[in-house]
Amino acid sequence: MKTLASTLALAAALITAPACAQPAPESSRSSSAPAIARVKMVPPKNAPKLIVVISVDQFSADLLDKNRAYFTDGFARLLKGAVFPSGFQSHAATETCPGHSTILTGNRPTRTGIIANNWVDQAAPRTDKSVYCAEDESVPGSSSSKYTVSDKHLKVPTLGERMKAAEPRTRVVSVAGKDRAAVMMGGHKVDELWWWDGKAFVSYAGRAEPAVVTRANAATTALIARATPALEVPAWCTVRDKAIPIGGDKTVGTGHFERAAGDMRSFRASPAFDASIVALAAGLIQDMKLGTGPVTDIISVGASATDYVGHTYGTDGAEMCIQLANLDATLGAFFDVLDRTGVDYEVVLTADHGGNDLPEREVLQGMPEAQRADVALAPAVMGKSIGEKLGITIPLLFGDIPNGDVWLSTALTPEQRKAVMAETIARYKAMPQVAEVLTRDQIAATRIARTPVEKWSYAEKARASYDPTRSGDLLVFLKPRVTPIPNAAGGYVATHGSPYNYDRRVPILFWRKGMTGFEQPRGVETVDIAPTLAATIGLPVPGVDGKCLDLGAGKGAPCR
């Protein structure tokens with residue numbers, strides 16, 4: 001397949017560079033790292049030497065269902081292992097940060113504390129009261145868009161942290177295209193943690209840059225500096241190569257990732273971005289000789305391009321089809337590198353959330369309910385109108401156009417708060433695009449669901465991502481296929497974040513050499529991944545939300 005001429009050239013430049021053993025650096029540890037109960041790890045004789053966890057950002061189960069017959073490389077290999085096509089990010093807050101916080105902690109956001117990408121803290125010590133999930137908002141001069149990356153908001157340990165606590169010689173590595181993906185999968189104590197900041201792969205201030213990261217940055221910079229011709233459209237993608245008008249003279253659906261020299265924004269929303277991330281992961285595995293030490297190591301890889309492609313172009317055009325074809329080949333090249341190391345490795349691939357296509361294309365496909373949200377749904381707009389009616393001049397409501405949290409001003413008197421709450425609930429419930437409005441008291445009173453994850457109510461989904469110290473005063477859910485982007489002419493055209501299965505349902509794929517393949521269609525959860533991996537190395541993980549999945553005969557997890 002010729003779709004990867006430039007991207008695989010970059011990957012090859014990194015993963016074939018001379019590898020040299022490097023001592024593990026000092027592990028980073030946040031002062032807010034949660035305590036980990038000391039447990040005894042008793043690895044079985046067939047324990048893998050390296051665990052590889054891949055999250056493909058916005059890779060919904062719908063995307064797998066639609067494209068799996070055409071995969072021939074990396075995805076095809078994984079589909080020969082243990083396939084769970086109905087994995088669920090079970091919570092309502094289907095965003096990047098909450099989703100990544102579930103994958104390697106074994107806990108839902110109600111325990112991880114990561115309720116959204118951003119939340120409102122009106123007591124935050126700065127003018128900007130929006131708090132980013134992976135920042136330290138106490139840093140002077142910071143804002144939710146200009147922040148210092150931190151793990152302080154993650155309330156629970158990751159699998160890598162638990163492995164290191166039980167066996168300090170374990171090496172924990174995390175690489176991603178987004179800081180929040182790297183932090184939420186790596187955790188508080190890591191040996192290497194790197195993310196793309198828009199210009200280069202970076203880490204926490206003061207950390208030494210390994211030679212492989214320097215090589216990766218040089219190669220990626222050189223790639224971005226070159227113009228990229230249009231990528232080949234695989235034969236199975238041509239039926240989706242149709243222009244969809246979305247306002248003014250803007251269309252999507254026929255992009256082939258032709259890129260001007262120096263265009264970093266387009267690079268990020270292209271297959272080349274994932275190739276650079278995966279190549280860096282491969283280089284770290286080689287240079288650090290992961291999986292060759294006396295105990296099991298773990299690396300998490302956050303492939304972020306699919307999310308940027310989905311937001312920029314939607315999920316059902318030529319762009320997404322080309323992206324997944326390229327990612328299939330990139331993963332195949334990655335696994336080939338791992339094979340050549342001779343290390344016994346175990347892979348799991350999943351996603352932080354799914355995604356919904358742009359409403360303009362959905363309408364053409366026979367979904368008349370698909371539409372863009374009314375700007376009147378925005379809390380600032382709603383709050384201003386309510387304030388005019390009640391004679392209150394301060395800002396009343398905070399948050400974004402909701403598929404989730406709305407906060408009431410803490411400056412209100414008890415009487416004002418009661419009046420504003422009643423008026424807000426009544427107005428949102430009267431909006432034709434709103435499906436449900438829940439108060440924090442209703443959510444807090446809801447028991448954690450024990451029924452099949454596919455059948456959870458709005459309140460049960462909301463409860464799974466509710467944190468009493470961070471969640472909003474109200475949760476407002478839009479109706480299915482209502483996209484909370486009022487105008488797509490100048491920016492993103494599609495998104496996620498709803499409590500519906502197109503955003504919640506993601507694949508979970510396990511693979512290891514010698515594993516007996518099978519497919520289990522019942523609903524499982526991403527919180528089941530950590531305890532399942534832990535079982536393969538004999539590590540108890542008490543107190544998590546997830547359960548160990550039976551991976552069958554051969555080299556599956558010995559669930560007990």
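Worth pointing out:
- Within segment 179-199, the set of residues being more than 20 Å from I285 (Cβ to Cβ) and basic (K, R) comprises R180, K199.
- Condition check for A235: over 27 Å from the mean Cα position of the chain (by Cα), surrounded by fewer than 14 Cβ atoms within 10 Å (Cβ to Cβ) and either assigned by TED's automatic domain parsing to the domain that holds G314 or in contact (Cβ under 8 Å) with a residue 60 or more places away in the chain (or both): yes
- Test set (1) crowded, with 21+ Cβ neighbours inside 10 Å; (2) in contact with a helix residue (DSSP H, G or I) (Cβ under 6 Å, 6 or more places away or on another chain) - G472 fails condition number: (2)
- Residues located in segment 298-313, provided they are among the β-branched types (V, I, T) and touching a Pro at 6+ places or on another chain (Cβ under 9 Å): V309
- Being of a type outside the set (D, E, K, R) and either surrounded by fewer than 23 Cβ atoms within 10 Å (Cβ to Cβ) or without any contact (Cβ under 8 Å) to a residue 24 or more places away in the chain (or both) holds for only one residue in A373, A351, A329, and it is A373.
- Residue within segment 57-65 that is in contact (Cβ under 8 Å) with a residue 12 or more places away in the chain, surrounded by 24 or more Cβ atoms within 10 Å (Cβ to Cβ) and in contact with a Leu (Cβ under 6 Å, 6 or more places away or on another chain) present: no
- Filter result for A488 (small (G, A, S) and at pLDDT below 95): yes
- The lone exception for P414 - which of (1) out of contact with any Leu (no Cβ under 7 Å at 6 or more places or on another chain); (2) touching a residue at least 40 places away in the same chain (Cβ under 8 Å); (3) under 24 Å from A123 (Cα atoms) it fails: (2)
- Qualifying residue in segment 528-540 (condition: assigned by TED's automatic domain parsing to the domain that holds R265, β-branched (V, I, T) and surrounded by fewer than 18 Cβ atoms within 10 Å (Cβ to Cβ)): no
- If the condition is being out of contact with any helix residue (DSSP H, G or I) (no Cβ under 6 Å at 6 or more places or on another chain), among the small types (G, A, S) and buried (at least 20 other Cβ atoms within 10 Å of the Cβ), then segment 201-232 contributes only S203.
- Scanning segment 144-162 for residues that are assigned to a loop (DSSP other than H, G, I, E, B), of a type in the set (G, A, S) and in contact with a Ser or Thr (Cβ under 8 Å, 6 or more places away or on another chain) gives S144, S150.
One line per residue, one yes/no per condition, for (1) over 17 Å from the mean Cα position of the chain (by Cα); (2) modelled with pLDDT under 95; (3) surrounded by 24 or more Cβ atoms within 10 Å (Cβ to Cβ); (4) on the phi > 0 side of the Ramachandran plot:
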| residue | (1), (2), (3), (4) |
| --- | --- |
| A92 | no, no, yes, no |
| P109 | no, no, yes, no |
| P125 | yes, yes, no, no |
| G187 | no, no, yes, yes |
| K199 | yes, no, no, no |
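- On inspection, V343 passes the criterion of being surrounded by fewer than 24 Cβ atoms within 10 Å (Cβ to Cβ), touching a Ser or Thr at 6+ places or on another chain (Cβ under 8 Å) and outside any helix (DSSP H, G or I).
- Among the candidates T292, T254, T312, the residue that is modelled with pLDDT of 95 or more and not in a loop (DSSP other than H, G, I, E, B) is uniquely T312.
- Matching residues, segment 304-325, being more than 19 Å from the chain's Cα centre (by Cα) and among the hydrophobic types (A, V, I, L, M, F, W, C): A318, C321, I322, A325
- Candidates Y458, Y500, Y466 - the one that is of a type in the set (F, W, Y) and touching a helix residue (DSSP H, G or I) at 6+ places or on another chain (Cβ under 6 Å): Y466
- Every residue from segment 438-455 that is within 24 Å of S409 (Cβ to Cβ) and under 26 Å from the mean Cα position of the chain (by Cα): L438, R440, I443, A444
- Here D357 qualifies as acidic (D, E) and either in contact with a Ser or Thr (Cβ under 7 Å, 6 or more places away or on another chain) or not assigned by TED's automatic domain parsing to the domain that holds T72 (or both).
- Segment 482-520, subset among the aromatic types (F, W, Y) and in a loop (DSSP other than H, G, I, E, B), residue farthest from H353 (Cα to Cα): Y492
- Matching residues in segment 500-525 - criterion: being touching a Gly at 6+ places or on another chain (Cβ under 6 Å) and among the hydroxyl-bearing types (S, T, Y): Y502, T516
- Across segment 360-368, a minimum of one residue is classified as crowded, with 22+ Cβ neighbours inside 10 Å and over 30 Å from F84 (Cβ atoms).
The values are calculated or read from the model by the stated rules, or taken from the named source; none is laboratory data. Predicted, not measured: the structure shown is a model, and the values here were computed from it. Backbone-built Cβ (ideal geometry, glycine too); neighbour counts: all protein chains shown.
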